[in-house]
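A short write-up of the structure that comes next.
The values are calculated or read from the model by the stated rules, or taken from the named source; none is laboratory data. Computed from a predicted structure; not experimentally measured. Neighbour counts are summed over all protein chains in view; Cβ atoms, including those assigned to glycine, are modelled from backbone coordinates with ideal geometry. Quick note on the areas: whole protein, heavy atoms, side chains included, nothing else; ligands and nucleic acids left out. Shrake-Rupley method; radii C 1.70, N 1.55, O 1.52, S 1.80 Å.
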Amino acid sequence: MTGVRFGFLQEPTQLTFSAGCIEPLNDHASIVAKLLGHERAYAGWLYPPLKAVCPDAREEKTPPEVSVSFALPATHRLVMGEGHPSDDAANFFIALFGMLKGLRLQRDTWQHFYRCPLQPRSLCDFLATDREIIEALNLGAEFWMALPDDAARRLAFGAIHWHLFAQLYDHEFERFNAQYMALDTCWKLATRLHPRLAKGKLSHAKRVQELGKELQIPLPEWALVSDELHASTLSTRRNELIHEALYGDQPVGFAYPDDGRVERELTCFVARLVLRLLGVENEYTGSSSTTRQRFGFSFPAQGLQSLQPECHKG
């Protein structure tokens with residue numbers, strides 16, 4: 001079985017978890033060396049290539065423009081076990097593995113739209129060992145098999161994908177808006193997993209409070225709802241951006257909010273939320289999202305689950 005090729009991961013990580021195994025390609029070292037030495041690789045990131053604009057007969061020159069998309073070479077392959085044969089399952093585990101590595105990992109030939117990170121832990125605020133990553137992947141496999149609902153599975157993959165993608169936008173208002181979309185996706189998934197949340201119709205302002213309470217994630221101050229305004233800093237910023245094209249009390253692009261930490265902390269909160277929904281209950285998912293600290297990813301003392309099956313060269 002050849003498995004599904006994906007990348008880009010410069011570490012030669014090889015691990016086995018309950019749904020399959022991940023291993024580097026045979027020419028991993030040369031692929032990594034070539035890309036890290038590329039002219040567009042800089043300070044741990046790869047930048048989009050330039051291409052000529054569509055020719056215009058009335059013009060004498062064809063200036064370059066940034067390409068709409070570009071691909072990175074595969075460095076690893078995922079071999080799925082017998083119980084997880086679908087493409088959707090492979091996409092989910094590649095995305096989850098990428099999140100645990102702090103990267104946006106993708107199947108071979110899938111595209112990037114903006115600059116993309118080459119250094120692990122670029123898109124996360126935690127440090128997970130391979131054994132801790134295996135445990136989280138095992139929990140992801142349990143989630144996948146316990147919920148054979150294609151809609152819920154799509155929500156889980158979409159939340160991971162968009163949480164990572166959102167961090168690659170250039171502007172703060174873009175990152176905030178995209179991360180809020182990932183938050184909305186988590187809410188939809190949570191109402192399927194936690195029936196209490198599905199009862200009644202909660203406003204956007206109150207959803208984050210209920211998610212924090214239900215999943216036991218420390219709630220940031222900007223998510224607290226004022227009894228007088230029936231809104232939070234987060235919901236107010238979201239409503240102004242979506243409905244009034246305002247950000248920082250000015251038309252988009254003319255100001256930044258006085259407190260620029262909300263976008264960064266929202267990103268950290270969504271990461272904890274995604275992992276909690278998949279069943280990851282550890283030091284990280286129970287920690288505060290309002291610091292710049294990099295957290296450990298250790299699990300409770302009962303230890304890690306057993307590993308199975310073995311990878312076979314194809």
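Among the residues of the range 180-197, write down those that are in contact (Cβ under 8 Å) with a residue 40 or more places away in the chain and either in a loop (DSSP other than H, G, I, E, B) or not aromatic (F, W, Y) (or both).
Passing the criteria: A182, L183, C186, L189, A190, R192, L193.
List the helices (runs of 4 or more DSSP H) that sit entirely inside the range 198-291 and contain at least 1 residues that are in contact with a helix residue (DSSP H, G or I) (Cβ under 8 Å, 6 or more places away or on another chain) and of a type in the set (S, T, Y).
In the range 198-291, the matching helices (runs of 4 or more DSSP H) lie at 233-244, 261-277.
When the range 166-179 is examined, which residues are found to be open to solvent by less than 10 Å² (accessible area, probe 1.4 Å) and either of a type in the set (S, T, N, Q) or assigned to a helix (DSSP H, G or I) (or both)?
A166, F176, A178, Q179
Pairs please, first residue from the range 18-30 and touching a residue at least 60 places away in the same chain (Cβ under 8 Å), second anywhere and crowded, with 20+ Cβ neighbours inside 10 Å and among the charged types (D, E, K, R), Cβ atoms under 7 Å, 6+ apart in sequence or on different chains.
E23/R77
Across the range 5-58, what is the total count of residues that are part of a loop (DSSP other than H, G, I, E, B), surrounded by fewer than 17 Cβ atoms within 10 Å (Cβ to Cβ) and touching a Pro at 6+ places or on another chain (Cβ under 8 Å)?
6
Determine which member of the set L15, L25, L36 is closer than 18 Å to Y114 by Cα and at pLDDT 95 or above.
L36
Go through the residues of the range 204-212 one by one and say whether even a single one is open to solvent by less than 10 Å² (accessible area, probe 1.4 Å), farther than 29 Å from A90 by Cα, in contact with a strand residue (DSSP E or B) (Cβ under 7 Å, 6 or more places away or on another chain) and in contact (Cβ under 8 Å) with a residue 24 or more places away in the chain.
Among the residues of the range 204-212, at least one is open to solvent by less than 10 Å² (accessible area, probe 1.4 Å), farther than 29 Å from A90 by Cα, in contact with a strand residue (DSSP E or B) (Cβ under 7 Å, 6 or more places away or on another chain) and in contact (Cβ under 8 Å) with a residue 24 or more places away in the chain, which makes the answer yes.
Name the residues in the range 105-144 that are over 19 Å from E11 (Cβ atoms) and in a loop (DSSP other than H, G, I, E, B), would you?
T109, W110, Q111, F113, Y114, R115, listed by residue number.
Could you list all residues from the range 213-226 that are free of Cβ contacts under 8 Å to residues at least 60 places away in the same chain, closer than 19 Å to R237 by Cβ and open to solvent by 50 Å² or more (accessible area, probe 1.4 Å)?
Once the filter is applied, which keeps residues that are free of Cβ contacts under 8 Å to residues at least 60 places away in the same chain, closer than 19 Å to R237 by Cβ and open to solvent by 50 Å² or more (accessible area, probe 1.4 Å), the range 213-226 yields L219, L224.
Contact list please: Cβ distance under 9 Å, first residue in the range 143-154 and within 10 Å of G279 (Cβ to Cβ), second residue open to solvent by less than 90 Å² (accessible area, probe 1.4 Å), pairs at least six apart or on different chains.
F143/R153; F143/A156; F143/L193; F143/L277; F143/L278; F143/G279; A146/G279
Restricting attention to the range 235-268, which residues are surrounded by fewer than 17 Cβ atoms within 10 Å (Cβ to Cβ), free of Cβ contacts under 8 Å to residues at least 40 places away in the same chain and in contact with a Gly (Cβ under 7 Å, 6 or more places away or on another chain)?
Across the range 235-268, the qualifying residue is only A255.
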